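Shown next, in structure tokens, is the structure this report addresses.
The values are calculated or read from the model by the stated rules, or taken from the named source; none is laboratory data. Quantities reported herein were computed from a predicted structural model and do not represent experimental measurements. Here the Cβ positions follow ideal geometry from the backbone for every residue, glycine too, while neighbour counts run over all protein chains shown.
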Amino acid sequence: MLAFTLLCVGIMISVGLILNLWRLLVGPDVVDRILALDTMFINSIALIMVYGIHKGTSLYFEAALLIAMLGFVSSVAFGKYILRGDIIE
């Protein structure tokens with residue numbers, strides 16, 4: 001039962017990733033594309049966590065943590081670029 005549930009959740013998260021990719025490519029504005037990229041980071045973290053639960057190992061949780069830190073730094077950098085036009089002052 002748990003394996004079937006994890007499979008269904010993995011499929012739903014994958015569909016979300018595909019829709020985020022569509023918004024990233026077609027997005028009408030730069031802000032929409034940045035938001036889609038940030039949401040893709042969140043969905044990829046969730047997909048890695050589901051896979052880690054399926055495999056029963058904690059290695060994937062550490063990988064998800066690294067991706068979360070990378071996503072945060074990139075979101076801050078993109079936001080700073082939009083506001084000021086320059087990342088490094």
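Looking at the range 24-46, can you tell me whether even one residue there is under 22 Å from Met69 (Cβ atoms), touching a helix residue (DSSP H, G or I) at 6+ places or on another chain (Cβ under 7 Å) and touching a residue at least 40 places away in the same chain (Cβ under 8 Å)?
Yes, the conditions are met somewhere in the range 24-46.
Pull out all pairs, ordered by first then second residue, where Cβ-Cβ is under 8 Å, the residues are six or more apart or on different chains, the first lies in the range 5-23 and is without any contact (Cβ under 8 Å) to a residue 60 or more places away in the chain and over 14 Å from Tyr51 (Cβ atoms), and the second is charged (D, E, K, R) and surrounded by 15 or more Cβ atoms within 10 Å (Cβ to Cβ).
Arg23/Arg33
Could you check Leu83 against (1) surrounded by fewer than 12 Cβ atoms within 10 Å (Cβ to Cβ); (2) at pLDDT 90 or above and say which number it fails?
So the condition that Leu83 fails would be (2).
Taking Leu19, is it exposed (fewer than 13 other Cβ atoms within 10 Å of the Cβ) and either part of a helix (DSSP H, G or I) or in contact with a helix residue (DSSP H, G or I) (Cβ under 7 Å, 6 or more places away or on another chain) (or both)? Let's see the steps before the verdict.
Numbers: exposed (fewer than 13 other Cβ atoms within 10 Å of the Cβ): no; either part of a helix (DSSP H, G or I) or in contact with a helix residue (DSSP H, G or I) (Cβ under 7 Å, 6 or more places away or on another chain) (or both): yes.
Taking the combined requirement at face value, the residue does not satisfy it.
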